[in-house]
Amino acid sequence: MKNKEITTFENGKYNDTVREVYSVLLAANVGVKNVEHIVKTVLNKLGGVKIDRLPKKTFAEIMLVEAKALAPIQSVDAMINSDACTLHTDGTKRKGREYGGLQVGTSSGQYSLGILELSQGTAESFFNMIKTIFTNLGELTDKENKNKKAAEIIVTINNMMTDRHIVNTSLKNLLEKWKSECLPLVIDNYDTFNADMKKRSQAEAALKEWAKTIIVSDTLPSDSFSHSTPDFIRASTKLCVPGADHKSGYGLLFNSYLESLTPPIKQNMSTFTDIELIFYFQWQHPYFIMRNT
């Protein structure tokens, strides 16, 4: 190894090993003016190795620009492929000017998303900063569909951390509102899906009211029904959905029972389609409507 000379320049360009070494040193915050000197010193003093030529300051500056351009793309990729993302905001003042910074914690590590000057340290200013940075990330990664890409990025945020407790609650509310506005851009058939979500909420409210009117006979075995209203509805639906329990014939028996009462009672529970049954019961939100009551 003593006095061995290493070739760094081949076919009119520096080889990949040189670029990798410079990349590692720049990532370690070594100044662009010092990279060449550090590489030569370490190899010469510790390894006795001579270098024929190394890139100068301009090469290191170009690599740093490339790294800064690729860093946002890397952070977006990490966020989209992360199980959960935590947004970190912070602010500081320098010479009477307000600045805000944005970082994100992902499954693969921490990433700095950007820093901008703020007009003031309010929740609205921080929200505008976040929106600007995420919109820029969307445009950088997919210029033709920047709004949709920005929406895909913002909906990855699950948590938020900040030491600015005064603006934290307001900022959280602004972010939640923005996320909800972004959902139609990232969820196919969102209008239909959202309508079904509203139906489920209304159905849950109806179930609670309906549960108050249920009178269970004392003669029934204690293990023959569930005290959970959703579970009870899931089971009792077999009695009122045409064809849902065709082989057992429970539906016919139930209607016969209602007709035998004095006075007879009309079966007022709504019917279900197969798709509705799969959707609502699979999500454990049974769908039930009481009519003419």
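Only the coordinates and a few stated rules stand behind these numbers; no lab work does. What you are looking at is a predicted structure, and each value in this text was computed from that prediction instead of being measured. Here the Cβ is made from the backbone with ideal geometry for all residues, glycine too, and neighbour counts use every protein chain on show.
Observations
- Residue list for segment 47-76, restricted to those being assigned to a helix (DSSP H, G or I), touching a strand residue (DSSP E or B) at 6+ places or on another chain (Cβ under 8 Å) and either closer than 22 Å to Asn34 by Cβ or without any contact (Cβ under 8 Å) to a residue 40 or more places away in the chain (or both): Phe59, Ala71, Gln74
- Any hit, segment 77-93, residues being exposed (fewer than 14 other Cβ atoms within 10 Å of the Cβ), part of a strand (DSSP E or B) and either without any contact (Cβ under 8 Å) to a residue 60 or more places away in the chain or not polar (S, T, N, Q) (or both): yes
- In segment 54-73, the qualifying residues are those that are surrounded by 12 or more Cβ atoms within 10 Å (Cβ to Cβ) and of a type outside the set (A, V, I, L, M, F, W, C), and the one that is nearest to Leu137 (Cα to Cα) is Pro72.
- Taking the conditions (1) under 29 Å from Asn136 (Cα atoms); (2) not in a helix (DSSP H, G or I) in turn, Ser23 satisfies each one other than (2).
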